[in-house]
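Notes follow once the structure below has been shown.
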Amino acid sequence: MNLAWPNRLTLLRLGLIPVLWWALVTPGTVARWASLFLFSLAAVTDVLDGYIARRYGPITTFGKIFDPLADKVLVSAVFLAYISRQVLPAWWFLAVLFREFAVSGLRTVAAANAVVLAADAGGKLKTLLQLVGLFALLLADVPAVAEAAYWVGTFAWWVLYASVWVALLSGVGYFWRTRDLWWREGEEKA
């Protein structure tokens, strides 16, 4: 199989996630630095695969499905690791997870009606806030950084808190934009 470069980068990101998880749950300074490096590398592959696909092509069905999936698995892995360490509240992750399932359901209804429900500005802002917040959280988890710049952890917490609310509000926005579709779905069954 001949994979396009954007798809290779997506697969690399997916492959990095188990290693990142291991680093996140392993104690020690080396593991903290490794977590920061692996997350940063995964985030860079996300930016690069999108840029390359849009600029040079090809945009593939594989990429349309697995790129956002890789993003969600990456963010979920970091959230869950910090929830397991009682650094982040579980309700943040559950709220975002609910939103992701709801929007995926909306996309399925839209696709069944031959409508493409593309990511909007709110969804992109959510992803940006999650990546920035998680990067800052990983940075604050490095002992040398935590001692020198205690504010990084506070910044991370507030950015992630904002990302949860942006996720929920953008989810409401998706429902609002597709209200005609899901209303129509209900009428067809009546």
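Scanning the chain for helices, which whole DSSP H stretches are 18 Å or more long along the axis (Cα) and average 0.5 or more by Kyte-Doolittle?
Within the chain the helices that satisfy the rule are 5-25, 29-56, 61-84, 90-112, 121-140, 151-177.
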Legend entry - Mean ellipticity per residue at 222 nm, deg cm²/dmol - from DSSP H runs of n ≥ 4 across the chain, formula -39500 (n - 2.57): -29000 deg cm²/dmol
Inset, instruction - Decide, for the chain, between rounded, prolate and oblate: order the square roots of the alpha carbon gyration tensor eigenvalues as a ≥ b ≥ c, take rounded if a/c falls under 1.5, and otherwise choose prolate if a/b is larger than b/c, else oblate. - result: oblate
Inset, instruction - Take the Cα atoms of segment 1-86, find their three principal axes, and give me the spread along each one in whole Å, biggest first. - result: 41, 22, 20
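Give me the Kirkwood hydrodynamic radius of segment 88-190, using the inverse of the mean 1/r over all pairs of distinct Cα atoms, in Å to one decimal. All intermediate terms of the calculation are to be shown ahead of the outcome.
Working: mean 1/r = 0.0657 Å⁻¹.
Averaging 1/r across every pair of different Cα atoms and inverting gives 15.2 Å.
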Legend entry - Pairwise centroid distance, computed over Cα atoms, of segment 108-164 with segment 38-100, Å: 10 Å
Legend entry - Phe175 paired with Tyr56, simple spin-label distance in nm, labels 7 Å along Cα-to-beta-carbon: 4.2 nm
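Bear in mind these aren't lab numbers, they're just calculated from the coordinates by the rules spelled out. Here the structure is a predicted model, which means the values were calculated and not measured. FYI the Cβ positions are ideal-geometry reconstructions off the backbone, even for glycines, and counts take in every protein chain you see.
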